[in-house]
1. When you scan segment 282-292, how many residues do you find that are out of contact with any Leu (no Cβ under 9 Å at 6 or more places or on another chain) and either more than 14 Å from ALA61 (Cα to Cα) or in the same structural domain as GLU25 (by TED's automatic domain parsing) (or both)?
2. Filter segment 132-148 down to the residues that are out of contact with any Phe, Trp or Tyr (no Cβ under 7 Å at 6 or more places or on another chain) and either crowded, with 24+ Cβ neighbours inside 10 Å or closer than 17 Å to ALA258 by Cα (or both) and list them by number.
3. Select from segment 105-131 the residues that are part of a strand (DSSP E or B), surrounded by fewer than 24 Cβ atoms within 10 Å (Cβ to Cβ) and more than 13 Å from the chain's Cα centre (by Cα) and list them in ascending order.
4. Please go through segment 55-69 and pick out each residue that is over 25 Å from ILE105 (Cα atoms) and either in contact (Cβ under 8 Å) with a residue 40 or more places away in the chain or of a type in the set (Gly, Ala, Ser) (or both).
5. Among the residues of segment 85-92, are any surrounded by fewer than 21 Cβ atoms within 10 Å (Cβ to Cβ), at negative phi, in the same structural domain as VAL46 (by TED's automatic domain parsing) and free of Cβ contacts under 8 Å to residues at least 40 places away in the same chain?
6. Restricting the first residue to segment 28-54 and requiring it to be in contact (Cβ under 8 Å) with a residue 12 or more places away in the chain, which pairs with a second residue that is assigned to a strand (DSSP E or B) and among the charged types (D, E, K, R) meet a Cβ separation below 7 Å and a spacing of at least six or different chains?
7. Given the conditions (1) more than 16 Å from GLY118 (Cβ to Cβ); (2) in contact with a Phe, Trp or Tyr (Cβ under 7 Å, 6 or more places away or on another chain); (3) part of a strand (DSSP E or B), report the number of the one that CYS59 does not fulfil.
8. Only residues that are assigned to a helix (DSSP H, G or I) and closer than 15 Å to SER142 by Cβ: list them for segment 264-279, please.
Amino acid sequence: MKGDYIAIDWGSTNLRAWLYRDNVEIEHRCSASGITRLGNQTPRQVFDNITSGWRESGCPAIMAGMVGSNAGWISVPYLSCPTHLDDLAKHLTPVDDVGWIVPGISVNRDDNCNVMRGEETQLLGAWRAMPASVFIMPGTHSKWVLMNGDTVQDFRTVMTGELHHLLMHHSLLGAGLPDQLPNESAFNGGLHQGLNDTAILPRLFEIRAAHVLGTLPREYVGDWVSGILIGAEVAQMKSLYGYGAIEKATVIANPELAKRYTIALHQAGIPSEVIDGEYAFQTGIRSIINELAN
């Protein structure tokens with residue numbers, strides 16, 4: 001392999017593809033044909049469409065994400081924790097004549113049952129660029145990954161992003177609200193509650209009461225909810241892993257989301273640094289390509 005390859009991040013709702021020639025990005029394409037949104041198309045048809053004109057020279061594809069789930073193109077086995085990140089390149093699953101799918105990682109113990117797909121590739125790239133004892137991948141389902149050197153020792157999933165969406169769009173909390181606006185004060189107010197109050201369930205209804213009674217502007221409810229959920233996530237994961245295990249955390253996310261988490265981590269006494277999620281993914285794919293070339 002000579003540095004000519006296709007990198008694909010294929011999730012549940014979206015698909016992103018990059019063409020590389022001599023390890024240089026040539027073109028980037030996006031599609032809404034995630035694994036849960038294929039419509040009448042097969043995964044192969046979606047792949048052929050998104051990579052049209054890219055594979056004439058036999059350029060292989062490395063794919064990660066829900067494309068390897070039991071609802072995807074082919075069901076790819078998980079690697080069980082603890083697992084070395086270098087093992088990802090050693091356990092790729094070939095798919096048709098197009099390339100390979102990266103395996104996910106799992107935990108299956110009495111005290112923790114978890115899976116990740118797609119995040120493992122970001123994790124590999126982030127660890128190559130910015131090693132840390134704990135990696136945090138915020139999002140719909142946030143991942144907190146405990147490392148031991150280059151080994152994924154354990155990880156947990158927190159449904160913070162999904163809970164925010166459900167509360168704001170499918171519950172009384174968000175009913176009848178106007179378009180939401182960002183507000184630092186509202187976010188920080190919610191964050192203080194989430195970090196310091198273990199009983200956030202009753203606090204959630206208080207947000208509804210606060211805007212009904214006029215003490216919280218109705219257009220800032222979303223940021224207050226964001227703050228309280230992120231604060232609770234950070235507080236609970238700090239308690240679970242123990243302060244000593246989190247000497248420093250690396251947040252893998254886009255700048256806007258990363259900023260919210262670094263503020264929360266700082267207030268929780270956890271030093272942090274940030275790496276862009278897309279850059280981490282690309283670095284992870286490049287690492288796998290390099291392993292295949294050796």
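1. So the first thing to find is which residues in segment 282-292 are out of contact with any Leu (no Cβ under 9 Å at 6 or more places or on another chain), and the list is 282, 286, 289-290.
Narrowing further to those that are either more than 14 Å from ALA61 (Cα to Cα) or in the same structural domain as GLU25 (by TED's automatic domain parsing) (or both): none.
Going through segment 282-292 one residue at a time, the tally reaches 0.
2. ALA132, PHE135, MET137, GLY139, THR140, HIS141, SER142 - these are the residues of segment 132-148 that are out of contact with any Phe, Trp or Tyr (no Cβ under 7 Å at 6 or more places or on another chain) and either crowded, with 24+ Cβ neighbours inside 10 Å or closer than 17 Å to ALA258 by Cα (or both).
3. SER106, VAL107, ASN108, ARG109, ASN112, CYS113, ASN114
4. ARG55, SER57, GLY58, CYS59
5. Filtering segment 85-92 down to residues surrounded by fewer than 21 Cβ atoms within 10 Å (Cβ to Cβ) leaves 86-87, 89-92.
Those still in the list that are at negative phi too: 86-87, 89-92.
From the residues that got through so far, the ones that are in the same structural domain as VAL46 (by TED's automatic domain parsing) too are 86-87, 89-92.
Checking the rest, the ones that are also free of Cβ contacts under 8 Å to residues at least 40 places away in the same chain come to 87, 91.
Yes, because at least one residue in segment 85-92 is surrounded by fewer than 21 Cβ atoms within 10 Å (Cβ to Cβ), at negative phi, in the same structural domain as VAL46 (by TED's automatic domain parsing) and free of Cβ contacts under 8 Å to residues at least 40 places away in the same chain.
6. That search, which allows pairs on different chains as well, returns CYS30/ARG16; ILE50/ARG29.
7. Here CYS59 meets the rest and fails (3).
8. ALA264, LEU265, GLY277
The values are calculated or read from the model by the stated rules, or taken from the named source; none is laboratory data. Everything quoted here is computed from the prediction, not taken from an experiment. FYI the Cβ positions are ideal-geometry reconstructions off the backbone, even for glycines, and counts take in every protein chain you see.
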